[in-house]
Amino acid sequence: MQCYIEPITPTPSLTTGRPLRTLQGFAKVSAAAGEVVQAVIELDARSFSRWDIDQRAWVVAAGDYAIKLGWSAAVVNQVHVSQLHVSRALGSSHV
């Protein structure tokens with residue numbers, strides 16, 4: 001299972017210096033047909049950050065982010081989509 005993060009409404013502050021959708025975690029799971037398994041993928045502030053050339057630091061831009069799960073970048077089944085709202089930009093001391 002792969003976990004991707006992307007801004008819900010792309011803006012320059014959210015997409016400058018990074019692709020629109022980025023892989024931020026994965027978990028390898030095995031399951032027999034019909035079996036249900038649980039995968040845990042932990043995300044931290046760095047998962048939502050981008051490198052800011054002017055600040056020379058990792059920053060998290062304010063905005064809404066989608067957390068999407070799937071088997072590959074080409075097949076994001078949107079098994080689960082969550083919304084995270086970052087109300088203000090966070091500098092490197094917070095990442």
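What is the extension gain from residue 57 to residue 37, computed as 0.36 nm multiplied by their sequence separation minus the C-alpha to C-alpha distance, in nm to one decimal?
Numbers: separation 20, 0.36 × 20 = 7.20 nm, distance 3.79 nm.
Stretched out fully, the residue 57 to residue 37 stretch lengthens by 3.4 nm.
Here the simple spin-label model places points 7 Å from the Cα toward Cβ, and for residue 46 and residue 30 these points are separated by 3.0 nm.
Coordinate-derived values only; no laboratory data. Given the structure is predicted, the values throughout are model-derived calculations rather than measurements. Note that each Cβ is placed from the backbone with ideal geometry, even for glycine, and that neighbours are counted across all protein chains shown.
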